[in-house]
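Undergrad: Let me begin by handing over the structure; questions about it come next.
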Amino acid sequence: MKAFGYHVATSPADAVATLAGHPGAAYLAGGTNLVDHMKLGVAEPDLLVDVSRLDLDQISVTDDGAVRIGANVRNSDLAADPVIRSHYPVLARALLSGASGQLRNTATTAGNLLQRTRCVYFQDVTTPCNKREPGSGCAALGGYARYHAILGASEHCVAVHPSDMAVAMSALDATVVVQGPDGQRRLPIDDFHRLPGDEPQRDTTLQHAELITAVELPPPPVGAVSDYRKVRDRASYAFALVSVAAELTFTDTRQISSARIALGGVAHKPWRARRAESVLIGDQPSDETFIAAADAELNAAEPLPGNEFKVELARRTLVAQLRMLTARRQQ
């Protein structure tokens, strides 16, 4: 591992100022992703700015009924919080679907959003990877593609985002609050993560030295039902082949009045399924409607040789999730 400096931040402003003065520096919180990459040689920061001791570990309900989650809230604490469990069950379930209990006790909310892909080529420094070394090529194209993208990929990168939590946050229309050298700004989560395009090395729209300080969730719609469904190769400690975070509300006449859906394991970022949502809203829940919604979203899928199965898997998983939420609402 390359030698590096270490600084314990005393405040968010101190953290931002320190990182801004070092182009090769990185923030360190739980370290569950960054430390692994440092060991592998994927990341080689010359300075770590430790933000784990900052007072950013609170979960609070605001006056308007929204929930503010500090950047340093641990995944286990967030999943167990009574407000999250009762009002945002999709988020609690997504958190409990990720990693292991030990990792959830260490991983932070901000760090989870900033996870880098688990593409085997990205993590193997002996192979070309545009995300790790721009312009070197993409070994996944023509290589082992089982876990790779079927939506939103580019000729430069076909990796997928690994987070479960971020998929639920996308479906909940979360806002990411960041502090940088120019002050604070707020980013809708759909604008926070990005597709690879011709800059696959950039996972997010954060600028250097910007620090996530909180994530905010809007109040849930009245009567909403939500859940997270994850399909993976083994029952625990595995990343999603496909996942679905979904929230529905219904009118008194049982029409779908609102729908918020995000897919995981299919794209470089949590994939907000807006085409599927538009098909569902205003229609009666039925298998025909659910299949039409899934088709509307997945007709644009472009699988690779070796992951064609993910298109049908995503379709069936989405339909099953919508069917389950409808049945739960009717109970």
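Undergrad: Which one of these is modelled with pLDDT of 95 or more, open to solvent by 30 Å² or more (accessible area, probe 1.4 Å) and closer than 18 Å to LEU211 by Cβ: VAL51, VAL61, VAL16, VAL8? First the steps, then the outcome.
TA: Details: VAL51 fails: open to solvent by 30 Å² or more (accessible area, probe 1.4 Å); VAL61 fails: closer than 18 Å to LEU211 by Cβ; VAL16 fails: open to solvent by 30 Å² or more (accessible area, probe 1.4 Å).
Step by step, each of VAL51, VAL61, VAL16, VAL8 is checked, and only VAL8 is modelled with pLDDT of 95 or more, open to solvent by 30 Å² or more (accessible area, probe 1.4 Å) and closer than 18 Å to LEU211 by Cβ.
Undergrad: Could you check region 241-263 and list, in sequence order, the residues that are within 15 Å of ARG315 (Cβ to Cβ) and aliphatic (A, V, I, L, M)? Spell out the reasoning first.
TA: Step one: list which residues in region 241-263 are within 15 Å of ARG315 (Cβ to Cβ), which gives 241-244, 246, 261, 263.
Once the filter is applied, which keeps residues that are within 15 Å of ARG315 (Cβ to Cβ) and aliphatic (A, V, I, L, M), region 241-263 yields LEU241, VAL242, VAL244, ALA246, ILE261, LEU263.
Undergrad: Restricting to region 84-129, name every residue that is touching a helix residue (DSSP H, G or I) at 6+ places or on another chain (Cβ under 7 Å), of a type in the set (S, T, N, Q) and surrounded by 17 or more Cβ atoms within 10 Å (Cβ to Cβ).
TA: Residues satisfying the conditions are THR109, ASN112, GLN123.
Undergrad: Residues of region 153-171 being open to solvent by less than 30 Å² (accessible area, probe 1.4 Å) and part of a loop (DSSP other than H, G, I, E, B), which ones? Even if it seems obvious, please write down each step before you answer.
TA: So the first thing to find is which residues in region 153-171 are open to solvent by less than 30 Å² (accessible area, probe 1.4 Å), and the list is 154, 157-171.
Within region 153-171, VAL158, ALA159, VAL160, HIS161, PRO162, SER163, ASP164 meet the criteria.
Undergrad: Hey, another quick one. Give all pairs with beta carbons closer than 8 Å in which a residue from region 262-273 that is in contact (Cβ under 8 Å) with a residue 12 or more places away in the chain meets a residue that is open to solvent by less than 10 Å² (accessible area, probe 1.4 Å) and among the basic types (Lys, Arg); count only pairs at least 6 apart in sequence or on separate chains.
TA: Listed by first residue and then by second, the contacts come to GLY265/LYS310; VAL266/LYS310.
Undergrad: Inspect all residues belonging to region 261-272 and state whether any of them is within 19 Å of the chain's Cα centre (by Cα), open to solvent by less than 10 Å² (accessible area, probe 1.4 Å), of a type in the set (A, V, I, L, M) and more than 25 Å from THR205 (Cβ to Cβ).
TA: The answer is no, given that none of the residues of region 261-272 is within 19 Å of the chain's Cα centre (by Cα), open to solvent by less than 10 Å² (accessible area, probe 1.4 Å), of a type in the set (A, V, I, L, M) and more than 25 Å from THR205 (Cβ to Cβ).
Undergrad: So which of ASP198, ASP190, ASP203, ASP233 ends up being open to solvent by 10 Å² or more (accessible area, probe 1.4 Å) and without any contact (Cβ under 8 Å) to a residue 12 or more places away in the chain? Lay out the reasoning, then the answer.
TA: Numbers: ASP198 fails: without any contact (Cβ under 8 Å) to a residue 12 or more places away in the chain; ASP190 fails: without any contact (Cβ under 8 Å) to a residue 12 or more places away in the chain; ASP203 fails: without any contact (Cβ under 8 Å) to a residue 12 or more places away in the chain.
Just a single option satisfies the conditions, and that option is ASP233.
Undergrad: While we're here: Examine region 55-71 for a residue that is over 30 Å from PRO218 (Cα atoms) and β-branched (Val, Ile, Thr), and state whether such a residue exists. Break it down stepwise before answering.
TA: Taking region 55-71 first, the residues over 30 Å from PRO218 (Cα atoms) are none.
No - not one qualifying residue is present in region 55-71.
Undergrad: Right, here's the next one. Inside region 299-318, can you point out the residues that are without any contact (Cβ under 8 Å) to a residue 60 or more places away in the chain and surrounded by 19 or more Cβ atoms within 10 Å (Cβ to Cβ)?
TA: First, the residues of region 299-318 that are without any contact (Cβ under 8 Å) to a residue 60 or more places away in the chain: 299, 308-309, 312, 315-316.
The answer is ARG315, and nothing else.
The values are calculated or read from the model by the stated rules, or taken from the named source; none is laboratory data. None of these values were measured; they are calculated from a predicted model. Counting neighbours? That spans all protein chains shown, and the Cβs are built from the backbone with ideal geometry, glycine included. SASA here: full protein model, heavy atoms, side chains in, ligands and nucleic acids out. Shrake-Rupley method; radii C 1.70, N 1.55, O 1.52, S 1.80 Å.
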